[in-house]
Amino acid sequence: MVKVRIPRSEDRLLGLLVKINERHKATKKKSLLNGAVNMDRLVEKSNSIRSLKDQQPEKSISYREFRKENDLKFISKEIRSIRNLLLTVYPDEPNILKEWGFELND
């Protein structure tokens, strides 16, 4: 069984999401994620995290950090679901996961 790493750092996690979204858009209607994952919502949360970095301190720092952490947890959970879906559909073809941006632990 191939092990697929899910990044823990914010930048790497969001980078993986960008790669997954690019692959999803490239395959359009044939994408495995259609109906399984709301990519628009994931991209929206990603953009929200990025905008929090640039936001003026109109809201407390603790609120912004709380919101950011919740969004990161949501994105991480959804990326795990995507990984699991791909592993289920392509159990003997781990290189397909690389095409989606995942890193494999051999």
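No lab work stands behind these numbers, since they all come straight from the coordinates. None of the values given here were measured: they were computed from a predicted structure. Positions of Cβ are generated from backbone atoms using ideal geometry, with glycine treated the same way; all protein chains shown enter the neighbour counts.
Relative contact order of the chain: 48 percent, from C-alpha pairs under 8 Å at least 6 residues apart in sequence.
Between the helical axis of 39-54 and the longest alpha-carbon principal axis of the chain there is an angle of about 40 degrees. Taking Cα atoms only, the orientation of helix 10-27 departs from the longest principal axis of the chain by about 50 degrees. Extending 7 Å from the Cα toward the beta-carbon at both residue 99 and residue 64 defines two label points whose distance is 4.1 nm. Note on residue 9 and residue 29: with the Förster distance fixed at 41 Å, the Cβ-Cβ geometry gives a FRET efficiency of about 0.80. Between residue 84 and residue 40, the FRET efficiency from the beta-carbon distance, with R0 = 22 Å, is close to 0.60.
Which number gives the lysine pairs in the chain that have C-alpha atoms under 14 Å apart and are eight or more places apart or on different chains?
Details: 3/98; 19/98; 45/53; 45/68; 45/73; 45/77; 53/68; 59/68.
Total qualifying Lys-Lys pairs in the chain comes to 8.
Here the residues 90, 63, ranked from fewest to most Cβ neighbours within 10 Å of their Cβ, fall in the order 63, 90.
Between the amide H of residue 103 and those of 5, distances stay under 5 Å, these residues lying 5 or more places away or on another chain, with hydrogens modeled in the peptide plane. Only Lys, Arg, Asp and Glu carry charge here, each on its Cβ (+1 for the first two, -1 for the last two); on that basis the range 11-106 has a dipole of about 300 debye about its Cα centre.
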